[in-house]
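Asker: One structure coming up, written as structure tokens, with questions to follow.
Read-outs throughout are calculated quantities, based only on the coordinates presented, and are distinct from any laboratory measurement. Everything quoted here is computed from the prediction, not taken from an experiment. Heads up, the Cβs are rebuilt from the backbone with ideal geometry, glycines too, and the neighbour counts pull from every protein chain shown.
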Amino acid sequence: MEVILKESIPSLGKAGDIVRVADGYARNFLIPKDKAALANRKNISQLEHQQELIILRAARRINELEALATQLARLDIKIPVRVGKKEKLYGSVTSMDISRAIESQGYTIDRKKIQMDEPIKTLGEFEVPIKLSPEVRATVKINVVSEESISSDAQV
């Protein structure tokens, strides 16, 4: 089945492309989620008229995400964790913890967009990449600190 993509999908193509996909994929996922439209004569003629709008909308979305990436890069996020002897963490810092910490700063980032090879298991500063879209990536500075250092700073 041929469909017209309404938004860019990394494995298929960019917004406005006409691509051939499996019938079930189009009927059960792409069309109901409004990611694509059936490629018939009516929709193709509409596409020709709307292609400029699609390109402008995609460019505006990329600009918004780049602005968000700049804002995220400015954040200095501290994540307090419990530590044992020799500053060994109890557990680890995962993408979910980082997502919550970013959310506490006023930004909503899906934890699935946080690109971590493995959880953080030591104290220190880390740069964590976030894939906001296929074209836009951000890097957030995470500072993993001991809970005791936070409470001792509060008492001073």
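Asker: What aspartates and glutamates sit close enough to K121 to cross-link, taking a C-alpha to C-alpha distance under 14 Å and skipping anything fewer than 8 places away on the same chain?
Answerer: E87, D97
Asker: Relative to the present Cα-Cα distance, how much length would full extension add between S104 and E127 at 0.36 nm per residue of separation?
Answerer: Residue separation times 0.36 nm, minus the Cα-Cα distance, leaves 6.5 nm.
Asker: How high is the relative contact order of the chain, given as a whole-number percent (alpha carbon pairs under 8 Å, six or more residues apart)?
Answerer: It comes to 20 percent, rounded to a whole number.
Asker: If you take mean projected area of the Cα convex hull in nm² from the coordinates, which of (i) 9.5; (ii) 10.0; (iii) 11.7 do you get?
Answerer: (iii)
Asker: Sorting E125, E66 on the 10 Å Cβ count, fewest up front, what's the list?
Answerer: In order of increasing Cβ crowding within 10 Å: E125, E66.
Asker: I've got another one for you. Sort 1-9, 89-97 by packing, meaning the average of other beta carbons within 10 Å per residue, with the highest value first.
Answerer: 1-9, 89-97
Asker: Which net charge results when you count Lys and Arg as +1 and Asp and Glu as -1 among the other residues whose beta-carbon is under 11 Å from that of D34?
Answerer: +2
Asker: Stretch F29-Q46 to full length: gain in nm at 0.36 nm per residue minus the Cα-Cα span?
Answerer: Value of the extension gain: 4.0 nm.
Asker: Please state, to two decimals, what the Cα-based radius of gyration of the range 75-155 comes to when divided by 2.2 N^0.38 Å (N = residues).
Answerer: Against the compact-globule rule of thumb, the ratio is 1.13.
Asker: If you restrict to DSSP beta bridges whose two residues both lie in the chain, what percentage is antiparallel, to the nearest 5?
Answerer: Of the beta bridges lying entirely in the chain, close to 75 percent run antiparallel.
Asker: Starting from the 7 Å offset along Cα-to-Cβ, what nm value, one decimal, do you get for the label separation of K86 and K141?
Answerer: Distance between the two pseudo-spin positions: 3.0 nm.
Asker: With just the Cα atoms defining each centre, how far is the range 82-118 from the range 40-72? Give it in Å.
Answerer: The range 82-118 and the range 40-72 have Cα centres separated by 32 Å.
Asker: Under 12 Å from a point placed 7 Å out from the Cα of D76 along the Cα-to-Cβ direction: which residues of the range 111-128 have their backbone N that close?
Answerer: Nothing falls inside the zone, counting backbone N under 12 Å.
Asker: Please report, in debye to the nearest 20, how large the charge dipole of the chain is about its Cα centre when each Lys and Arg carries +1 at its beta carbon and each Asp and Glu carries -1 there.
Answerer: Here the size comes out at about 380 debye.
Asker: Something else now. Return the percentage of antiparallel bridges among DSSP beta bridges fully within the range 75-155, rounded to the nearest 5 %.
Answerer: 65
Asker: Next question. If the range 2-65 were replaced by its equivalent ellipsoid, with semi-axes equal to the square roots of 5 times the Cα gyration tensor eigenvalues, what would those be, largest first, whole Å?
Answerer: 20, 15, 9
Asker: Can I ask one more? Could you tell me which residue out of A138, V3, I79 lies farthest along the dipole of the chain toward its positive end? Charges go on the beta carbon: Lys and Arg +1, Asp and Glu -1, centred on the Cα centre.
Answerer: With unit charges placed on the Cβ atoms, the residue in question is V3.
Asker: May I pose another question? Can you give me the three principal axis dimensions of the range 49-116 from its C-alpha atoms, in Å, biggest first?
Answerer: Principal-axis extents of the range 49-116 (Cα, largest first): 65, 20, 16 Å.
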